[in-house]
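Report on one structure; see the data block that follows.
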Amino acid sequence: MNKISRRNFLKVTGAAAGGAFAVRSLRAWPTGPPVSLAVVPPLSVFNYAQVQLLDGPLREQFDHNHDLFLNLDENALLKPFRQREGMPAPGPDMGGWYDNADDFNPPDNFHAFIPGHSFGQYLSALARDYAVTGSKPTQEKIHRLVRGFAETVEPQGKFYVGYHLPAYTYDKTSCGLIDAYQFAQDPDALDVHWRATQAVLPYLPEKALSRAEQRARSHKSVADTWDETYTLPENFLLAYQRSGNSRYRDLAIRFIEEDYFGPLAEGKNVLPGEHAYSHVNALSSAMLSYLVLGDEKYLRAGTNGLRMVQEQSFATGGWGPDEAFVVPGQGLLAASLGTTHASFETGCGAYGHFKITRYLLRVTKDSRYGDSMERVLYNTIAGATPIMADGTTFYYSDYNELAKKVHYRDKWPCCSGTFPQLTADYGISSYYPSQDGIYVNLFIPSRVSWSQNNTACTLTQTTQYPAANTTQFDFTLARPETFTVYVRIPEWAGAKSSLSVNGHRTDNELTPGKFFAVARTWKDGDRVEVEFEMPLRLEAVDHEDLNRVALLHGPVALFGVDNIPSRIKRSQLLAATRVAGSMHDWSVQADDGTLMLRPFASIMSESYRLYQTVEG
Ligand SMILES: [Zn+2]
């Protein structure tokens, strides 16, 4: 029974709506044998429920996003899908990119740019939020949304007729449905996913197409050349893993962009000019292709690709001014400081950066991927202003010489979809289980619970990092147990950094840029304290422009705010001192005035500047 008619499907879901979920026995997707990875990475991921964020700014972001999407109007969320299928579509319009209307007219008007584009991301975020919190209202909302969406999905449906970016929206819908299945136990989601896949296939090209290839083909609107078929393999492979349906594996292989990954695997930098976020997101497709298919070429593509991104990153860890990668070696990052305010696509970029660094950290155990993740965390997304109930969203971080935090022009843009997915992922990005213990990657107030050799273990992390340079882990164990705790020692950490177990400093030296292993028989009440020396240091924007520098303290970039003195020396920046009584503000005494600096997360409406021009 590969297909069921829409009418029968509605009957089935109608019965399910009564509470019985009889649909479970009527799965329409072909199932296969359980999927095992070709490559099992040494580090795994915890289940969402195992890591809880404790009070702090990141928990606030998580709670805000969970609450906002839990309370969104369901008819409004489903409206574009119902409208495009010619069904009754009650409820208000969401506005912005999300609407189904006919006035989209790039570049002047982006209203109704991609109707319903982020529905799947909101569903995915809610599913992960449910997995973290166990909130029943969240799970019930997910199940209602999946049923409502299912009513609009028909293999010969009209949704994608004349639709500019079918792969883009399908990819997000796909993610939402497989997450609803995996994390919120939705009984219909895999079935709906199979049907949604049948619905989009007639609108997809024969292979992944670069934007240049799309431009070379006939198209009615410029928006028809912006589709992102090259990001599809990751979710197809996840669908394959979760459903066992080998058709998804075939589809993943069909959309692997060999023209992108092949050169990257050989160390050729093919990033310049490409759309930044979607090509970083595609690196996650390379990594999952490596894990599922076992071809090391894709690992090399992911590793080289991220390195090339890092080589053209700002001091914040952000990348891609005007959403594009630049040609290296020409001073183009420095040039962008005077030409654009769209320096880093923050919600999507941070989400994609977390995903690729998580894959690479798990495969390589190289702590520097954790360094990269936390740099993006504290300097970009942690400073994003909250999404508002009307869809007003933070989009671009601004590194212009005359910078301000602003909201994006259009409501419900892409970054409103990735931001709540990312806040749900903060916990699972912080710790990783290995066979012999646990890796501590992020220093966030949090609690992780796991079973080590059948012993129930809990690690509670207390910290005000990165404002403070210390963190503390307290262990609760059902009985003494032998395992190793690996603590990330950031590459910037100074020689005075230290780690103590129950008040005794370890004899072994901490090596910056590595995990530090503490192997012992742990017992209930054990405590680890870590102190990082956080030296102040300068980073130039480009090798070609060594006098334009950002000041960093540990993982945190310090932004000059308000009136910036015209002449500043390197030595003066490096002598910055904390403002008395402030956790966040710093001051620098220059020849003709005082420069105030603060982290991105502390900046409100004041003007700011990331890179200072120095002399001497
Ligand atoms: Zn975005």
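The values are calculated or read from the model by the stated rules, or taken from the named source; none is laboratory data. Keep in mind the model is a prediction, meaning the values are calculated, not measured. Don't worry about glycine lacking a Cβ; one is built from the backbone with ideal geometry, like all the others, and counts go over all protein chains shown. Only protein heavy atoms, including side chains, enter the accessible area calculation; ligands, DNA and RNA are left aside. Shrake-Rupley method; radii C 1.70, N 1.55, O 1.52, S 1.80 Å.
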**Residue in region 97-109 that is assigned to a helix (DSSP H, G or I), under 24 Å from residue 348 (Cβ atoms) and touching a residue at least 40 places away in the same chain (Cβ under 8 Å) present** = yes
**Message:** Take residue 414 and tell me if it is in contact (Cβ under 8 Å) with a residue 40 or more places away in the chain and within 16 Å of the ligand (Cβ to nearest atom).
**Reply:** yes
**Message:** Being of a type outside the set (Gly, Ala, Ser), closer than 22 Å to residue 546 by Cα and within 16 Å of the ligand (Cβ to nearest atom): is that true of residue 354 here?
**Reply:** no
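A quick yes/no check of all residues on (1) open to solvent by less than 10 Å² (accessible area, probe 1.4 Å); (2) under 29 Å from residue 495 (Cα atoms):
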{"site": "567", "(1), (2)": "no, no"}
{"site": "580", "(1), (2)": "no, yes"}
{"site": "584", "(1), (2)": "no, yes"}
{"site": "595", "(1), (2)": "yes, yes"}
{"site": "600", "(1), (2)": "yes, yes"}
{"site": "604", "(1), (2)": "no, no"}
{"site": "607", "(1), (2)": "no, no"}
{"site": "610", "(1), (2)": "yes, yes"}
**Message:** Looking at residue 397 and the list (1) open to solvent by 10 Å² or more (accessible area, probe 1.4 Å); (2) within 16 Å of the ligand (Cβ to nearest atom), which single condition is not satisfied?
**Reply:** (1)
**Sole residue being closer than 18 Å to residue 550 by Cβ, modelled with pLDDT of 95 or more and away from the ligand (no atom under 16 Å from the Cβ), chosen from 326, 363, 292** = 326
**Item:** Selection status of residue 406, within 15 Å of the ligand (Cβ to nearest atom) and buried (at least 24 other Cβ atoms within 10 Å of the Cβ)
**Value:** no
**Item:** Failed item, numbered, when residue 491 is tested on (1) open to solvent by 60 Å² or more (accessible area, probe 1.4 Å); (2) part of a strand (DSSP E or B)
**Value:** (2)
**Message:** Just to be sure before I move on: is residue 377 out of contact with any strand residue (DSSP E or B) (no Cβ under 8 Å at 6 or more places or on another chain) and within 16 Å of the ligand (Cβ to nearest atom) in the structure I sent?
**Reply:** no
**Prompt:** In this structure, is residue 447 within 16 Å of the ligand (Cβ to nearest atom) and closer than 28 Å to residue 382 by Cβ?
**Reply:** no
**Message:** I'm trying to understand the selection: among the residues of region 115-151, which are buried (at least 24 other Cβ atoms within 10 Å of the Cβ) and among the β-branched types (Val, Ile, Thr)?
**Reply:** 132, 142, 146
